[in-house]
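Chemist: One structure follows; several queries about it will come next.
The values are calculated or read from the model by the stated rules, or taken from the named source; none is laboratory data. Because the structure is predicted, anything quoted here is derived from the model rather than measured. When we count neighbours, we look across all protein chains shown, and the Cβ atoms used for this are built from the backbone with ideal geometry, even at glycine. Accessible surface is based on the protein model in full, side chains and every heavy atom, while ligands, DNA and RNA are left aside. Shrake-Rupley method; radii C 1.70, N 1.55, O 1.52, S 1.80 Å.
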Amino acid sequence: QVQLVESGGGLVQPGGSLRLSCTASGSIFRINFMGWYRQAPGKERELVAGITDGGITNYVDSVKGRFAISRDSAKNTVFLQMNSLKPEDTAVYYCNARVISYTYYTSNYWGQGTQVTVSS
């Protein structure tokens, strides 16, 4: 059993900043990917930022230069620093992890979601 717990969402004015965090716990042999997805009302879920176990990062074009993903592998934790927030960043943000079990079975797990609202 693996659980992902998110925190850090909230209401912020345009131009403000938030930092999301997500920690995975449970029966984990290895996590080879952690990322942040978001889903705005009426829109499809999209990958915002991801980071591999090798430290390679990727971002959706709309957040490049504003968001930064990082990780603390020893704590199975991933962060998303969000700066210069825009109203269009408003969405529910979900943490995702690809977890390899001790039996070498790979599964994707999701956090509970945290609301980010950017509004004046």
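Chemist: Taking the options 85, 20, 80, name whichever one is outside any strand (DSSP E or B), in contact with a strand residue (DSSP E or B) (Cβ under 6 Å, 6 or more places away or on another chain) and closer than 16 Å to residue 118 by Cβ. Lay out the reasoning, then the answer.
Modeler: On the way: 20 fails: outside any strand (DSSP E or B); 80 fails: outside any strand (DSSP E or B).
It is 85.
Chemist: Would you mind stating whether residue 1 is at pLDDT 95 or above and either touching a Cys at 6+ places or on another chain (Cβ under 6 Å) or open to solvent by 50 Å² or more (accessible area, probe 1.4 Å) (or both)? Explain how you work it out, then say what you get.
Modeler: Details: at pLDDT 95 or above: no; either touching a Cys at 6+ places or on another chain (Cβ under 6 Å) or open to solvent by 50 Å² or more (accessible area, probe 1.4 Å) (or both): yes.
Here the answer is no, as residue 1 does not meet what is asked.
Chemist: How about the range 22-57: which of its residues are farther than 27 Å from residue 103 by Cα, basic (Lys, Arg) and open to solvent by 40 Å² or more (accessible area, probe 1.4 Å)?
Modeler: Result: 43, 45.
Chemist: Take the range 63-107 and flag every residue that is closer than 20 Å to residue 10 by Cβ and of a type in the set (Gly, Ala, Ser). Lay out the reasoning, then the answer.
Modeler: Going residue by residue through the range 63-107, those that are closer than 20 Å to residue 10 by Cβ are 63, 66-70, 77-95.
Once the filter is applied, which keeps residues that are closer than 20 Å to residue 10 by Cβ and of a type in the set (Gly, Ala, Ser), the range 63-107 yields 68, 70, 84, 91.
Chemist: Same structure again: If the requirement is being within 15 Å of the chain's Cα centre (by Cα), surrounded by 14 or more Cβ atoms within 10 Å (Cβ to Cβ) and without any contact (Cβ under 8 Å) to a residue 24 or more places away in the chain, which of these qualifies: 60, 78, 92?
Modeler: Details: 78 fails: without any contact (Cβ under 8 Å) to a residue 24 or more places away in the chain; 92 fails: without any contact (Cβ under 8 Å) to a residue 24 or more places away in the chain.
Of 60, 78, 92, the one residue that is within 15 Å of the chain's Cα centre (by Cα), surrounded by 14 or more Cβ atoms within 10 Å (Cβ to Cβ) and without any contact (Cβ under 8 Å) to a residue 24 or more places away in the chain is 60.
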